[in-house]
Structure formats: structure tokens, C-alpha cells
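Novice: Got a structure for you, written out below as C-alpha cells; questions coming shortly.
The values are calculated or read from the model by the stated rules, or taken from the named source; none is laboratory data. Predicted, not measured: the structure shown is a model, and the values here were computed from it. Heads up, the Cβs are rebuilt from the backbone with ideal geometry, glycines too, and the neighbour counts pull from every protein chain shown.
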Amino acid sequence: MTGNAASSTPFIEIQNVSKYFGDFAAVDSVSLTIGKGELFSILGASGCGKTTLLRILAGFETPSKGRILIDGVDITELPPYERPVNMMFQSYAVFPHMTVEKNVAYGLEKEGIPRVEIKRRVGEMLNMVQLDTFAARKPHQLSGGQRQRVALARALVKRPKVLLLDEPLAALDKKLREHTQFELMGIQYKLGITFVVVTHDQEEAMILSSRIAVMDKGRLIQVGTPKEVYEYPNSRFVADFIGTINMFEGTVVGFDDDSVRVNCKDAGGELVALSDAPPAVGSPVCLAVRPEKIFISKHEPDNTEDTRLAGIVEDLGYFGNLSLYRIRLATGRVVQVSAQNSRRSAERFLEWDDKVFISWRPRSAVLLTD
């Protein structure tokens, strides 16, 4: 489950939005549509413009140009309190002197909602985030994950059309973060509210999102499902930013049906990749392959259609569920390979300095021209 499926009709429309601070373009001509009920992530490194874009959506920043529509209504000039949007901050910003119940009720009380209605809505929300038995506690009596859920309940109890989440899980430790990711997905799925999440964590974006927008230097580089941006990156930047990948620079030297042959000096010869739109002979390209797509063996593979390279084990690491190997080729190039530890054994399959063969299928390689 990765959130609700996107509606075919755009719910949030970001139209050619830019934000300048002096001569610096924090957001540079961004156009993006997000469907109703999506759990959408904006992913990028620090300083890429993702938080500025989120603040523009929230109304805390005014775009230098462009406009924003939600549910067909232009909200570009509306102040934050008039937008059908709520925001959950990275720090959670819960009131330390108030109980959990009072924290969640705060926004409704400010709006003058009748007391009976407040009690009903707060009770429903605390039950949904599994904090009903903690209603009388203060924030300092809660764990980090529980405080995160208080902030989430407070943001959702006002029933916004869109919830904006700025690095919502960054303050949690790894194990709790993994657990909370699925809780967040479950809540979003039940409510059907559009979530827009800003994060620098690739793994978090991949798990949470129905779609991901990858940003760099204020621009959108690629928008797609987690599988699309991982398996079919549109550039060297996306391929390198999402997960781990081996990249071989080279030159196109020929074609065989739907295969492209690339001469790669680092690989010591020709590599092969599939491409629907092969570049011309002589074009500089990058052939990229993920570590988990590579097979490793002490024996030379029989399949002659696969790319096959020989090397030695320079480094290895055991991570329980998988092992990582760094294989040095005769050219000096190091290739990273990951292998699932599917068999229970205390003995290592490979050791340092073992001579090995690595191989991968042509369809596992991605040909990049940008």
C-alpha cells in the first residue's frame, strides 16, 4: 500500500512557479500536478528548493511568478489561514503545557467550533492515531513517535483538503521511522486526504509515495512512481541520487536489433544495454546498472548474452539480509554488487581477494544520455 491512487483530474496545480531571493532562484519554473488522494513526495538534497516549494503551497512564501490552484481555485494570493491546507512541521511544534487532547483541539477551539463537536472530532482523531488512552498526558510524557502522532492528529482534525508534511519522520530513530511510515500510509489511506511530503530520504520517499518528484537546484528533474524513478531514471543525477548504482561512461559503437553497444574504457571493452530510442554512433553515454541486478560467482557464467566481467573481491560487508561486495576489475574500476543472503549459513560465500565473475542481463542496464 502506497497511498491512494491519483485522480485523473489534477487536484493541486503548480503552474510555472518560481521563487527568487535576490538573484538566487530557490524554485525555478516548476510546473507540477498532484491528484486528489495522492501521497506525493518531493525529494531532494538540502538546498534543492523542496521546502521553499512546500512553503509556497502553505502560503508562507509568495511566488515571484506563477500560480497555484487547489481543487480548481487559484490560491496564489490567499494568506495561509484562508487556504484549504494544513502543515505538519519537522519539529512537530506541540504545546508542552497542554495535554494531548488540548493540543489536538487547539485549532478547532480557535475557529469557534461548538464544544460538543470538538470533543467528538478530537476523540475520533485520537482513536485513529491510537492515542485515545494518552489524551490526558503532556508531550514530555510521550515518546518521539507519539509526539509525531499528536502533531499529525492536530493537523488532520481540521479536515484540510491537503496536508503538507516537512520531513515528518526525520526526528525518529531508524526502527521507529520504519514503523511510523506504515502508520502514516494507513492513516492517509483511510482519510483519502492529499498528502504532500518533503523529504531528503530516498528510502522514505520510495516507501511512502504513490509518486515522487525529484528536485535539484530549484528544478524538477523527474516525476514518476517509485518504480519509474528507480528502474528508469531519466538522467545521471536521478540514477545516482536514488539508491546505489554503478555508472560506466562510454561511447556508442553500434547496434544489434534493440541493443546498443557501448565501448567503456573502465569496463575494458564493450557493454550492452537495451534502448527504445538509441543515440547515434559516436554519442557519449552512460551505462548504469544497480548492484542487485548483478550476479556474482566464482565460475564463469554460461549465458553468452549477458555482460560478463572478471575481477577480485576487494571489500565485502555482511548486513544480515544481504551482502555487499566491491569487485575490482582488471582496469582498476570498482563495481559494487549486492547479493541476497537467502541461505542460512555462518560461512561466507566469498572472501577477500577471491577471483570472481560478475554478470548482468542487457535489460538490467539503463542507458543515460543526460
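Novice: Within segment 291-302, does at least one residue satisfy the condition of being without any contact (Cβ under 8 Å) to a residue 60 or more places away in the chain, touching an Asp or Glu at 6+ places or on another chain (Cβ under 8 Å) and part of a strand (DSSP E or B)?
Specialist: Checked against the condition, which is being without any contact (Cβ under 8 Å) to a residue 60 or more places away in the chain, touching an Asp or Glu at 6+ places or on another chain (Cβ under 8 Å) and part of a strand (DSSP E or B), segment 291-302 yields no hits at all.
Novice: Output the residues belonging to segment 260-279 that are in contact (Cβ under 8 Å) with a residue 60 or more places away in the chain, in contact with an Asp or Glu (Cβ under 9 Å, 6 or more places away or on another chain), within 16 Å of Leu329 (Cβ to Cβ) and in a strand (DSSP E or B).
Specialist: Correct list: Val262 only.
Novice: Next question, about the same structure. Can you tell me which of Leu324, Leu367 is in contact with a helix residue (DSSP H, G or I) (Cβ under 8 Å, 6 or more places away or on another chain), surrounded by 14 or more Cβ atoms within 10 Å (Cβ to Cβ) and closer than 22 Å to Tyr230 by Cα? Break it down into steps so the answer makes sense when it comes.
Specialist: Numbers: Leu367 fails: in contact with a helix residue (DSSP H, G or I) (Cβ under 8 Å, 6 or more places away or on another chain).
Result of the check over Leu324, Leu367: Leu324.
Residue-wise test of (1) surrounded by 13 or more Cβ atoms within 10 Å (Cβ to Cβ); (2) closer than 29 Å to Phe255 by Cβ; (3) not assigned by TED's automatic domain parsing to the domain that holds Pro362.
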position: Val281; (1), (2), (3): no, yes, no
position: Glu305; (1), (2), (3): no, yes, no
position: Leu316; (1), (2), (3): yes, no, no
position: Thr331; (1), (2), (3): yes, yes, no
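Novice: Identify all residues within segment 189-205 that are in contact (Cβ under 8 Å) with a residue 24 or more places away in the chain and either assigned to a strand (DSSP E or B) or of a type in the set (D, E, K, R) (or both); write none if there are none.
Specialist: Passing the criteria: Lys190, Thr194, Phe195, Val196, Val197, Val198, Thr199, Asp201, Glu204.
Novice: In addition: Examine segment 11-20 for a residue that is surrounded by fewer than 21 Cβ atoms within 10 Å (Cβ to Cβ) and at pLDDT below 95, and state whether such a residue exists.
Specialist: No: zero hits.
Novice: I've got another one for you. Check every one of the strands (runs of 3 or more DSSP E) wholly within segment 206-259 and list those with 2 or more residues that are at pLDDT 95 or above and charged (D, E, K, R).
Specialist: Numbers: elements: 211-216, 219-224, 246-256.
The strands (runs of 3 or more DSSP E) meeting that bar are 211-216.
Novice: Among the listed residues Val100, Val129, identify the single one that is crowded, with 18+ Cβ neighbours inside 10 Å, modelled with pLDDT under 90 and within 14 Å of Val157 (Cβ to Cβ).
Specialist: Val129
Novice: Condition first: touching a strand residue (DSSP E or B) at 6+ places or on another chain (Cβ under 7 Å), under 15 Å from Asp216 (Cα atoms) and surrounded by fewer than 16 Cβ atoms within 10 Å (Cβ to Cβ). Can you find one or more residues in segment 42-60 that meet it?
Specialist: So far as segment 42-60 goes, no, none of its residues is touching a strand residue (DSSP E or B) at 6+ places or on another chain (Cβ under 7 Å), under 15 Å from Asp216 (Cα atoms) and surrounded by fewer than 16 Cβ atoms within 10 Å (Cβ to Cβ).
Novice: May I ask you to list pairs of residues, at least six apart or on different chains, whose Cβ atoms are under 6 Å apart, with the first in segment 157-178 being in contact (Cβ under 8 Å) with a residue 40 or more places away in the chain and the second being in a loop (DSSP other than H, G, I, E, B)?
Specialist: Pro160/Pro84; Lys161/Pro84; Leu163/Ile193; Asp166/Phe89; Asp166/Gln90; Glu167/Gln90; Ala170/Gln90
Novice: Also, I was wondering about something else. For segment 74-86, indicate whether the set of residues that are out of contact with any Leu (no Cβ under 7 Å at 6 or more places or on another chain) and in a strand (DSSP E or B) is non-empty.
Specialist: Yes, some residue in segment 74-86 is out of contact with any Leu (no Cβ under 7 Å at 6 or more places or on another chain) and in a strand (DSSP E or B).
Novice: Does Val214 satisfy the criteria of being outside the structural domain of Gln336 (by TED's automatic domain parsing), surrounded by 22 or more Cβ atoms within 10 Å (Cβ to Cβ) and without any contact (Cβ under 8 Å) to a residue 60 or more places away in the chain?
Specialist: no
Novice: Return the only residue of Ala5, Ala93 being at pLDDT below 95, surrounded by fewer than 17 Cβ atoms within 10 Å (Cβ to Cβ), of a type in the set (A, V, I, L, M) and not assigned by TED's automatic domain parsing to the domain that holds Gly144.
Specialist: Criteria check complete, one pass: Ala5.
Novice: For segment 137-148, state whether one or more residues are under 30 Å from Val73 (Cα atoms) and in the same structural domain as Gly47 (by TED's automatic domain parsing). Give the derivation first.
Specialist: Looking only at segment 137-148, we keep the residues that are under 30 Å from Val73 (Cα atoms), and these are none.
Looking through segment 137-148, none of the residues is under 30 Å from Val73 (Cα atoms) and in the same structural domain as Gly47 (by TED's automatic domain parsing).
Novice: Return yes when Cys286 is in the same structural domain as Asp354 (by TED's automatic domain parsing), touching an Asp or Glu at 6+ places or on another chain (Cβ under 9 Å) and within 20 Å of Glu231 (Cα to Cα) and no when it is not.
Specialist: Answer is yes for this residue.
Novice: Being among the hydroxyl-bearing types (Ser, Thr, Tyr) and not in a strand (DSSP E or B) is the filter; apply it to segment 303-341 and report the residue that is farthest from Val260 (Cα to Cα).
Specialist: Thr331
Novice: If you don't mind, another one. Determine, yes or no, whether Glu77 is assigned by TED's automatic domain parsing to the domain that holds Leu164, out of contact with any Asp or Glu (no Cβ under 7 Å at 6 or more places or on another chain) and more than 23 Å from Arg149 (Cα to Cα).
Specialist: When the stated conditions are applied, Glu77 passes them.
Novice: Please go through segment 135-186 and give me each residue that is part of a helix (DSSP H, G or I) and closer than 17 Å to Ile118 by Cα, ordered by number.
Specialist: Val150, Ala151, Leu152, Ala153, Arg154, Ala155, Leu156
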